[in-house]
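Right, one structure below, let's go through it.
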Amino acid sequence: MLDLKLIRSNPDLVQERLNARKAGEYDIQPILDLDAQQRSIEGDRGQLQARSNEIGKAIGQKMKGGANPQSEEIIALKTEGNEVKQKLADLEPQEKELKAQIKALILALPNLPDATTPIGANETENVEIRRWGDEYKKDATGILPHWDIGEKLGILEFSRAVKVAQSRFVSLMGAGAALERALINFMLDTQIEAGYTEVMPPVLVNSESLTGTGQLPKFAEESFRCAEDDLWLTPTAEVPVTNLYRDEVLDAENLPIAHCAYTPCFRREAGSYGKDTRGLIRLHQFNKVELVKFVHPDHSAAEHEKLVGNAEAILQALKLPYRVLELCSGDIGFSAGKCYDLEVWLPSAGTYREISSCSNFYDFQARRASIRFKEPKQKGTRFVHTLNGSGLAIGRTMAAVLENYQQPNGTVEVPEVLRSYMRKDFL
RNA sequence: GGAGAGGUGGCAGAGCGGUUGAAUGCGCCUGACUUGAAAUCAGGUUUAGGGUCAAACCUAACGGGGGUUCGAAUCCCCCCCUCUCCGCCA
């Protein structure tokens, strides 16, 4: 959520930053208009309420002093009190309605792209920052797509999963399930070693939580909902883990708070019907290890770089070639101000595919979820900055392993760092 | 699912119609005492919005939403959540 005070005091800057996402898409003028109305009413209301309080206090004092409740003096005050109440009854609903409208409009506004975020219209204008692991790229000749090799090895079961659920689901069988577990454990162990505290959060979350991180209200159609309970299947552990601290005031000395979490993730993938219909790339249910940080605003840029490094460390340990993109203003997510994507090399397709997205949300989510911190000796509170990134998406990592580690004889070598988890060298 | 209890400041916990934004304790901050610290004493310490150069000041908030009243943390109604016991269950 953007700061209304910033919108009010610096409308041109805000509008210009929003235009960097998509020109003509966002207009803050209605907010400014409604805000002016609301403030005007609030002024009047405040005065009336002050008078009402005076009357109440005056009556209280006189009664305590033994005044007759039927005396003219008291009756006159009560009459005025009733008049004030009438006027307030007229003003209050107006102001309430205006506030609700403003809130709804602000909740629909995305974060401002950071000044360092490259300007661009769409994903074609993302900027490649660096590449890693070219030396591990093998000759792709004869390499089967991961879904083919997976079915051949009997470790990925698509058609039966479709019977059980629907399309875009998979069952992992035998060594496939074991590999998934190995990846989860390896990633968690690595991130715990790097200083993250593991958490296993609920994967059903309420609407307030989804609003806190920015999935609601705009992206309701992207999540599975249990309508009777106001609960949704979490689309990413970002939601439950960030909301762990919703409506809290944290001690500055406890920052940064860093969590890693393994959870299944659920996405409806509405509107992507033709895309990635085969394999593990785009499923309604997938596993992910997520990294989430709550940091002091002064350190969020440095913490962001560190977090990207933590995600990269997984790919490096797995010796999977990847590149780092900095997303441009037209492609960063709704809540993010700055975002790096990690893309892993998929030899069968001859392309890099997103495997992690690491974002700095600045105070955008913290403001929505009211996550603040207090510094000793300083008055008041400030919003923390929240960061998160995949570390990593398990299914896509599995796809990358099945392809990058595929042998000419149709087996798949187990990456060295996973062998102690798998207790075997080949699939 | 049945029965009961309860949701108050950073925490614990009073208040149950009138100058109560809220006793008390803990925590925290400032000062005194001390070589320093502890202990002790005095004072201070909620958040949000408005206002101001900065203050003063004004308004709101005692789970959420309505209602009664000149006036509600306190009374009434609805909803949510938590806890205890019973039942069921991984």
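The values are calculated or read from the model by the stated rules, or taken from the named source; none is laboratory data. From a predicted model like this one, the values you see are computed outputs, not experimental measurements. Here the Cβ positions follow ideal geometry from the backbone for every residue, glycine too, while neighbour counts run over all protein chains shown. Just so you know, the surface numbers come from the protein's heavy atoms only, side chains and all, with ligands and any DNA or RNA stripped out. Shrake-Rupley method; radii C 1.70, N 1.55, O 1.52, S 1.80 Å.
Modelled label positions at A:ALA89 and A:GLU25, each set 7 Å beyond Cα in the direction of Cβ, lie 4.7 nm from each other. Selection among A:ALA165, A:CYS328, A:GLN191 by position relative to the dipole of chain A gives A:ALA165 as farthest towards the positive end (Cβ unit charges, Cα centre). The amide H of A:SER357, built 1.01 Å from its N in the peptide plane, has A:LEU342, A:SER390 as neighbours under 5 Å, considering only residues 5 or more places off or on other chains. Accessible-area rank, largest first, for A:LYS62, A:LYS5, A:LYS288: A:LYS5, A:LYS62, A:LYS288, with all protein chains present and a 1.4 angstrom probe.
Work out the FRET efficiency for A:GLU135 and A:SER370 from their Cβ-Cβ distance, taking R0 = 56 Å, and round it to the nearest 0.05.
Working: r = 48 Å, r/R0 = 0.85.
The pair A:GLU135/A:SER370 has a calculated efficiency of 0.70.
For chain A, the longest principal axis of the C-alpha atoms and the axis of helix A:300-317 are separated by about 20°.
With r defined as the distance between the Cβ atoms of A:ILE75 and A:ARG8 and R0 fixed at 45 Å, what FRET efficiency is calculated, to the nearest 0.05? Efficiency for this residue pair is about 0.55. Report the one residue of A:CYS339, A:PHE373, A:ILE7 whose Cα lies farthest in the direction of the positive end of the charge dipole of chain A (charges on C-beta: Lys and Arg +1, Asp and Glu -1; origin at the Cα centre). My answer, from the dipole projection, is A:PHE373. Around the amide H of A:LEU250, modelled in the peptide plane, lie the amide H atoms of A:ARG372, A:PHE373, A:LYS374, all under 5 Å away and 5 or more residues distant in sequence or on another chain. With 30 Å as the limit on Cα-Cα distance, the pairs of A:LYS293/A:LYS424; A:LYS99/A:LYS306; A:LYS306/A:LYS424; A:LYS22/A:LYS275 that go past it are A:LYS293/A:LYS424; A:LYS99/A:LYS306; A:LYS306/A:LYS424. Measuring only protein heavy atoms, the 1.4 Å probe finds A:PHE224 accessible over about 60 Å².
Roughly how much of A:ARG268 is accessible, in Å² to the nearest 10, using a 1.4 Å probe? We get 100 Å² for A:ARG268. Computed in the context of the full set of protein chains, the accessible area of chain A at 1.4 Å probe radius has 49% of its extent on carbon or sulfur.
Ordering A:ALA227, A:GLN285, A:GLY154 by Cα displacement along the dipole of region A:123-422 toward the positive end leaves A:ALA227 in first place; charges were set at the Cβ atoms of Lys, Arg (+1) and Asp, Glu (-1).
Shown is the FRET efficiency for A:ASP276 and A:ASN409, computed with R0 = 30 Å from the Cβ-Cβ distance and rounded to the nearest 0.05: 0.60. Normalised by the residues of region A:152-311, what does the relative contact order come to in percent, with Cα pairs under 8 Å and at least six apart? With pairs under 8 Å counted, the relative contact order is 24 percent. Computed 3J(HN,Hα) for region A:413-418, one whole-Hz value per residue from the Karplus formula 6.51 cos²θ - 1.76 cosθ + 1.60 where θ = phi - 60°, is 6, 7, x, 3, 5, 9, glycine and proline marked x.
Evaluating 6.51 cos²θ - 1.76 cosθ + 1.60 at θ = phi - 60° for every residue in region A:89-99, the Karplus couplings come out as 4, 7, 6, 4, x, 4, 5, 4, 4, 4, 4 Hz, glycine and proline recorded as x. Summary of the geometry: region A:294-324 and region A:241-281, compared by the centres of their Cα atoms, lie 16 Å apart. Where the centroid of each part is defined by its Cα atoms, how far is region A:331-402 from region A:1-45 in Å? Region A:331-402 and region A:1-45 have Cα centres spaced 26 Å from each other. A 1.4 Å probe over all protein chains sorts A:PHE158, A:PHE383, A:PHE364, A:PHE426 by accessible area into A:PHE426, A:PHE383, A:PHE158, A:PHE364, starting with the largest. Take every pair of alpha-carbon atoms less than 8 Å apart whose residues are at least six positions apart; their mean separation over the length of region A:4-107 yields a relative contact order of 36 percent. Its DSSP H runs of at least 4 residues, each contributing -39,500 (n - 2.57), put the calculated 222 nm mean residue ellipticity of chain A at -13000 deg cm²/dmol, to the nearest 500. Taking all protein chains into account, the per residue accessible area for region A:123-422 stands at 42 Å² (1.4 Å probe). Taking the C-alpha atoms only, the angle from helix A:11-21 to the longest principal axis of chain A is near 20 degrees. Structural descriptor for chain A: relative contact order 20 percent, calculated from alpha carbon pairs under 8 angstrom and at least 6 residues apart.
To the nearest ten degrees, helix A:394-404 and the longest principal axis of the Cα atoms of chain A are 20 degrees apart.
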